[in-house]
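All remarks here apply to the structure that follows.
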Amino acid sequence: MPDIIQDCTDRCDTLRHRNILPAQHILDRINYFLNFKHWTLYRLAKESDIPYSSLNNVFLRNTCPTIPTLEKICAGLGISLSEFFSFCENPLHSDKLTAREEELLNAYRLLSVQDKALIEAYLDGLCKTLKRQKDSIHEETNEKQKKTKGRPKQKKQI
């Protein structure tokens, strides 16, 4: 093994033994993004092109995902690895609101506690409905692809 690779491996082992960044911190960060986006682990698996069982096992066993897995997770979330590890910031949060978004937020701030709860419940329901629609479309596409894979190719007649 080349010296530089051995040196990196030794450093990683040292960091792992010191628990500088335990697996739980990584899993908490993933959960933070899931909650922020109102996603399930299943949706993250689909968006990241990772088998759900593999991703679920990482959480069940409380293990740290590998770097290639983290790269796929970040790609699914639409962020970079460096953004993932900048714990002080939320890369999914945008400071650039449109005029309409600012207007809606200001209107929300004027609502009573009960009205805010109603709006939040409506938005949660709407997000779940949109997610179900997207998942349904995704499943239909997968089923069509599976059906076409099983058929023999037809020769074009000239």
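The values are calculated or read from the model by the stated rules, or taken from the named source; none is laboratory data. Quick caveat: nothing in here was measured; it's all calculated off a predicted structure. All Cβ positions, glycine included, derive from the backbone under ideal geometry; neighbour counts span all protein chains shown. The area values use the complete protein model at the heavy-atom level, side chains included, leaving out ligands, DNA and RNA. Shrake-Rupley method; radii C 1.70, N 1.55, O 1.52, S 1.80 Å.
Annotations for the structure displayed:
- Pairs linking a residue in the range 44-65 that is under 26 Å from ILE137 (Cβ atoms) to a residue that is open to solvent by 70 Å² or more (accessible area, probe 1.4 Å) and not in a helix (DSSP H, G or I), with Cβ atoms under 7 Å and 6 or more positions apart or on different chains, are ALA45/PRO51.
- LEU130 vs. criteria in a helix (DSSP H, G or I) and at pLDDT below 80: yes
- Looking across the range 19-56, the residues that are part of a helix (DSSP H, G or I), charged (D, E, K, R) and open to solvent by 20 Å² or more (accessible area, probe 1.4 Å) come down to ASP28, LYS37, ARG43, LYS46, GLU47.
- For the residues LEU97, LEU77, LEU110, the requirement of being open to solvent by 70 Å² or more (accessible area, probe 1.4 Å) and either more than 28 Å from the chain's Cα centre (by Cα) or modelled with pLDDT of 80 or more (or both) singles out LEU110.
- Against the test of being at pLDDT 90 or above, open to solvent by less than 70 Å² (accessible area, probe 1.4 Å) and assigned to a helix (DSSP H, G or I), the options PHE84, PHE59 yield a single qualifying residue, PHE59.
- Residue selected from the range 62-81 under the condition small (Gly, Ala, Ser) and part of a loop (DSSP other than H, G, I, E, B), by the criterion nearest to LEU123 (Cα to Cα): GLY78
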